[in-house]
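S.K.: Input: one structure, supplied below.
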Amino acid sequence: MVLEATHHMSVADDLSAGRAEKIKPRDGKRPNPVSESFGAKVALTGLALAFLALVLLLPLLAVFVEAFRKGPAEFFLSLNDPDTFSAIRLTLTVAAIAVPLNLVFGVVAAWAIAKFEFKGKAFLTTLIDLPFSVSPVISGLVYVLLFGAGSALGPWLKSYGIEILFALPGIVLATMFVTFPFVARELIPLMQEQGTSEEEAALSLGASGWQTFWYVTLPNIKWGLLYGVLLCNARAMGEFGAVSVVSGHIRGLTNTMPLHVEILYNEYNFVAAFAVATLLAGLALVTLVLKSILEYRYGDEIAASAKH
Amino acid sequence: MDVSIRNVRKEFDRFPALHNVSLDIHSGELIALLGPSGSGKTTLLRLIAGLETPTDGSIYFGPEDASLKSVQERNVGFVFQHYALFRHMTVAENIGFGLKVRKGNDRPPNEQIRKRALELLDLVQLSGLENRYPNQLSGGQRQRVALARAMAIEPRVLLLDEPFGALDAQVRRELRRWLREIHDTTGHTTVFVTHDQEEALELADRVVVMSQGRIEQVGTADDAYDRPNSPFVYGFIGDSSTLPVRVENGEIWLADRTVGLQVNDVPDGNASLYFRPHDITLLDGCGGCIAGTVATSRRVAGTRRVELEVGGSQHRVEIELPIEHVAAERSRIAFRPTRWKVFPDAQDSTA
């Protein structure tokens, strides 16, 4: 890249040097023929920034302003509540189960789609996108239909003492459903572009299937995987719709952080509601910062694993 | 290691890629699989490696049936067309990979793997680049690393898929010579795939010419060039001209004239006459010759290439004339091939 760039520059220098002899030098400020005018640039950039500020930045600020309206003391006091702690614990537990499972299944699905030819491949690819296209509320309802009191599975499992709905398993299932595409979607184009020749090379050198995955495939997708996991985690902790349907909103038991925010808000406990909301917003910000650090620190390697 | 391919057939989704191919490769030989794209040459190479399974037939490495073994167990060195270097590993790690993944007592200690990698790097003349990553190397350097990596596992057979396909002409010629030297030093049985006849003829001990999933001819460069055994080989290797002719009682006829050539192993009937543009002799009169009018004339290096329109049906053939010959347009030239071959036309449509 660097070599190319310097090469192009030197060609450009030669050209402009050659032209400078014939044409009068014009203090070096010639308009770039493939770029917009200065005014257009400013207008476009300004429009985009104004829109972002209105739609993204302002609400985010509002969350923090509302949470601290009555001062930091009230903020921490409102967080210090057993139900809030239990909501935080539940959200972390759900993410801790759902994200690793989606990591494994996401890699498996991406691997199958990107590296093999089989019947029904197009169908599987479409299926992976299903959670993105279906409303989260529907995703929750599906589990109610599957495991509810009127279903075949629910009472049968209940007779063995296994509760799915209005309990942790149901919340995990609904979260997994909604967050499944993140890892797989991130990996499929990356793996497709990388092809199978490195894997074939590893096999021909005597590596087992597992060694090939561990030494060749996984290092090649690690950055994409990390991206996918970060996004998956952010969504898993923030999911509202699907979880709301299956959780039952039992305080201190099946309330996740987003559900807890809603309950507090409906009870006119605005400071507490926005205080918990700041934790979720903070999580989103941390995710963004981590993503940016990764891109900044390992940008070259990310580019290298995408190309060659 | 002798490699013997016996009646191998390969189908992809019922589309045949190879039809009952048999081939014996001798130990230490450098062999080229040459053919246009779609001729099945890469499929054959991948079958030898074990990257594909034959639909039918078997492949022997020496006395043992290798087709029962997986690619890992076959111990072949495969150099991929686009090298397939592990992009996140250094050059030394790439070369040492085959040793690193060995199990138990077969796995050499790390420092020995590193030492072997450096030795091989020296062999491929890339000493000092062991800590580079593949994307920091030029195409030719990557090719050498890929070869060193394949040789690190002391393979029984070395297989190269279009080894020079992605390189520019200058580097190509250089690496070609260098591969021959490496082969002569190490003595590996080597098979490489190419669509470049010059590469195949110059580099290989024997050339296997393939077309449409079949082996057309196996032989030395001289065999393939001087004694092509099929119309395809005649047309594919070197320049050639062809004319539709008729054989009657061993005499070759072009329309209603005799050409002045005799054959005795071709049955009577329609046939095709093949010759190379430079294997001709000019004649003055035409009592048994091929005569035509000059359609175009081009100067090519030290000779003059002339396209003649022959006979009423105006078939065009190319011949090579000395520079001194004027070959004016529409002028008449008579000649007779000095080296040529007649292939009878297929009697039915199956061939």
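S.K.: Which residues, counting only those in segment B:44-66, are touching a residue at least 40 places away in the same chain (Cβ under 8 Å), away from chain A (no Cβ under 13 Å) and not aliphatic (A, V, I, L, M)?
M.R.: Scanning segment B:44-66 gives B:54, B:55, B:56, B:57, B:58, B:60, B:61, B:62.
S.K.: What tally of residues in segment B:263-276 results from selecting those that are open to solvent by 30 Å² or more (accessible area, probe 1.4 Å) and either closer than 18 Å to residue B:334 by Cβ or in contact with an Asp or Glu (Cβ under 6 Å, 6 or more places away or on another chain) (or both)?
M.R.: 2
S.K.: Examine segment B:155-164 for a residue that is part of a helix (DSSP H, G or I), out of contact with any Cys (no Cβ under 6 Å at 6 or more places or on another chain) and surrounded by fewer than 21 Cβ atoms within 10 Å (Cβ to Cβ), and state whether such a residue exists.
M.R.: Looking through segment B:155-164, none of the residues is part of a helix (DSSP H, G or I), out of contact with any Cys (no Cβ under 6 Å at 6 or more places or on another chain) and surrounded by fewer than 21 Cβ atoms within 10 Å (Cβ to Cβ).
S.K.: Show the residue pairs meeting these rules: Cβ distance below 7 Å; 6+ apart or different chains; first residue within segment B:73-102 and more than 8 Å from chain A (Cβ to nearest Cβ); second residue among the hydroxyl-bearing types (Ser, Thr, Tyr).
M.R.: B:90/B:133
S.K.: Restricting attention to segment A:236-282, and to residues there that are of a type in the set (Asp, Glu) and within 29 Å of residue A:185 (Cβ to Cβ), which single residue is least open to solvent (accessible area, probe 1.4 Å)?
M.R.: So, considering only residues that are of a type in the set (Asp, Glu) and within 29 Å of residue A:185 (Cβ to Cβ), the one least open to solvent (accessible area, probe 1.4 Å) is A:239.
S.K.: Going by the conditions given, is residue A:233 facing chain B (nearest Cβ under 9 Å) and surrounded by 17 or more Cβ atoms within 10 Å (Cβ to Cβ)?
M.R.: no
S.K.: Test residue B:124 against the criterion of being at pLDDT 95 or above and either more than 13 Å from chain A (Cβ to nearest Cβ) or under 24 Å from the mean Cα position of the chain (by Cα) (or both), and give yes or no.
M.R.: no
S.K.: May I pose another question? For segment B:117-129, state whether one or more residues are of a type in the set (D, E, K, R) and surrounded by 19 or more Cβ atoms within 10 Å (Cβ to Cβ).
M.R.: Step one: filter segment B:117-129 for residues of a type in the set (D, E, K, R), giving B:119, B:122.
Right, trim to surrounded by 19 or more Cβ atoms within 10 Å (Cβ to Cβ) and you get none.
No; the residues of segment B:117-129 include none that is of a type in the set (D, E, K, R) and surrounded by 19 or more Cβ atoms within 10 Å (Cβ to Cβ).
S.K.: Moving on to the next point. How many residues are part of a loop (DSSP other than H, G, I, E, B) and surrounded by fewer than 21 Cβ atoms within 10 Å (Cβ to Cβ) if we restrict to segment B:55-85?
M.R.: Within segment B:55-85, residues that are part of a loop (DSSP other than H, G, I, E, B) and surrounded by fewer than 21 Cβ atoms within 10 Å (Cβ to Cβ) number 9.
S.K.: Moving to a separate point now. For the list (1) under 19 Å from the mean Cα position of the chain (by Cα); (2) within 11 Å of chain B (Cβ to nearest Cβ); (3) at pLDDT 90 or above, I need the number of the one condition that residue A:197 fails.
M.R.: With respect to (1) under 19 Å from the mean Cα position of the chain (by Cα); (2) within 11 Å of chain B (Cβ to nearest Cβ); (3) at pLDDT 90 or above, residue A:197 is out only on (1).
Per-residue answers, yes or no, for (1) touching a residue at least 40 places away in the same chain (Cβ under 8 Å); (2) open to solvent by 60 Å² or more (accessible area, probe 1.4 Å); (3) not charged (D, E, K, R):
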{"site": "B:295", "(1), (2), (3)": "no, no, yes"}
{"site": "B:322", "(1), (2), (3)": "no, yes, yes"}
{"site": "B:332", "(1), (2), (3)": "yes, yes, no"}
{"site": "B:337", "(1), (2), (3)": "yes, no, yes"}
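S.K.: Another question about this same structure. Of the residues that sit in segment B:169-179 and are of a type outside the set (A, V, I, L, M), loosely packed, with under 15 Cβ neighbours inside 10 Å and free of Cβ contacts under 8 Å to residues at least 24 places away in the same chain, which one is farthest from residue B:2 (Cα to Cα)?
M.R.: Per the stated criteria, the residue is B:170.
S.K.: (1) touching a residue at least 60 places away in the same chain (Cβ under 8 Å); (2) more than 24 Å from the chain's Cα centre (by Cα); (3) surrounded by 13 or more Cβ atoms within 10 Å (Cβ to Cβ): which one isn't true of residue A:77, the others all being true?
M.R.: Evaluating residue A:77 over (1) touching a residue at least 60 places away in the same chain (Cβ under 8 Å); (2) more than 24 Å from the chain's Cα centre (by Cα); (3) surrounded by 13 or more Cβ atoms within 10 Å (Cβ to Cβ) leaves (1) as the failure.
S.K.: Any residue that is in a helix (DSSP H, G or I), surrounded by fewer than 16 Cβ atoms within 10 Å (Cβ to Cβ) and within 14 Å of chain A (Cβ to nearest Cβ) - is there at least one of those in segment B:104-112?
M.R.: Scanning segment B:104-112 turns up at least one residue that is in a helix (DSSP H, G or I), surrounded by fewer than 16 Cβ atoms within 10 Å (Cβ to Cβ) and within 14 Å of chain A (Cβ to nearest Cβ).
The values are calculated or read from the model by the stated rules, or taken from the named source; none is laboratory data. Predicted, not measured: the structure shown is a model, and the values here were computed from it. Glycine also receives a Cβ, built like all others from the backbone with ideal geometry; neighbour counts cover every protein chain displayed. Ligands, DNA and RNA are excluded from the accessible area calculation, which covers all protein heavy atoms including side chains. Shrake-Rupley method; radii C 1.70, N 1.55, O 1.52, S 1.80 Å.
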